[in-house]
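Reviewing the structure listed below.
The values are calculated or read from the model by the stated rules, or taken from the named source; none is laboratory data. It should be emphasised that the depicted structure is a prediction, and the values quoted were computed from it without experimental measurement. Methodologically, a virtual Cβ is constructed for each residue, glycine included, from the backbone with ideal geometry; neighbour enumeration extends over all protein chains shown. The accessibility values were calculated without ligands, DNA or RNA, using every heavy atom of the protein model including side chains. Shrake-Rupley method; radii C 1.70, N 1.55, O 1.52, S 1.80 Å.
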Amino acid sequence: MRRLSKSDYWSVLIITAVAGWLCYSGAFYQTGAQFYSRCWQRMHVSGREANSPGQAAEWATCDEMAKTAVYRHGFVFAGNRDYAVTPQLKAVRAACPSMDGDVPRTGIWALAVQMIQDSGGTTLTDKFLPARAAIVRVFIAKWPNCAKTATANGFPKLVKRKGVWEFDTECMPCLAEKQAMKEGQ
């Protein structure tokens, strides 16, 4: 086996430093820090339009990035907790965020930005890792059992088809909830 030379160590060090810098600068993907910075700006413009085409493109990624992160991780969003009928929906509503109570009108991305801000801002790892990791980090911190509870109660994962997020398979707990609500009327 060949022994590593001093130049081999320098090569590895340089390659590692360049790769780290490329990740930090967002060359491969939008970092968590970039997501927070760009989407925080969008959240605080008070109805103003973007100042440039580049800024408009950056702001356009906020919503889809947040949805992709939470849905691929297995989060589901419940409705009003007071109206759950079946045990499955009651469990999910207790463990997961609510569309009518937790998510602002502007969308899931605004909730993610607010939670990152409330957690003290971005972390060192958010400066290197993809935005999805930062978003999932704050969602798990607030709702640690949501994805497990949704899966355990039969909720299928959400997938994107033809530009729309929907359940991968038929949502049997949703159908049971609708049926139980009809019978209770």
task = Keeping every protein chain in place, order LEU124, LEU175 by accessible area at 1.4 Å, biggest value first, i.e. largest first.
result = LEU124, LEU175
note = Quick calc, segment 49-97, dipole around Cα centre from Cβ unit charges on Lys, Arg (+) and Asp, Glu (-), nearest 20 debye, gives 420 debye
inquiry  = Below 11 angstrom from the Cβ of SER119, what's the summed charge of the other residues (Lys, Arg +1; Asp, Glu -1)?
reply    = 0
request  = Please express the Cα-Cα pair-distance distribution P(r) of segment 41-115 as a list of whole percents, one per 5 Å bin, running from 0 to the bin with the greatest distance.
outcome  = 3, 15, 22, 20, 15, 11, 7, 5, 3, 1
ask   = Taking +1 at the Cβ of each Lys and Arg and -1 at the Cβ of each Asp and Glu, which of THR123, CYS39, CYS171 sits farthest along the dipole of the chain towards its positive end, judged by Cα position relative to the Cα centre?
value = THR123
query = Where is the GNM fluctuation largest for the chain (alpha-carbon springs, 10 angstrom cutoff): ALA84, ALA57, ALA112?
reply = ALA57
key: With every protein chain in place, segment 125-185: carbon and sulfur % of accessible area (1.4 Å)   = 58 percent
task = Two decimals is fine: what is log10 I(q)/I(0) at q = 0.15, 0.20 Å⁻¹ for segment 40-185, from a Debye sum with one equal scatterer on every Cα and no solvent?
result = -0.83, -1.27
ask   = How many percent of the alpha carbon pairs in segment 133-185 exceed a separation of 18 Å?
value = 52 percent
ask   = What lysines could a cross-link reach from LYS67, if we take a straight Cα to Cα line under 17 Å and drop same-chain neighbours fewer than 8 places away?
value = LYS142, LYS157, LYS160, LYS162
inquiry  = Treating only the Cβ of Lys, Arg, Asp and Glu as charged (+1, +1, -1, -1), what charge dipole size does segment 97-185 show about its Cα centre? Round to the nearest 20 debye.
reply    = 300 debye
query = Of the accessible area of segment 49-104, with the probe set at 1.4 angstrom, what percent is carbon plus sulfur?
reply = 52 percent
note = Spelling it out for SER98: with amide H atoms placed in the peptide plane at 1.01 Å from N, the residues 5 or more places away or on another chain with amide H under 5 Å from its amide H are ALA78, VAL103
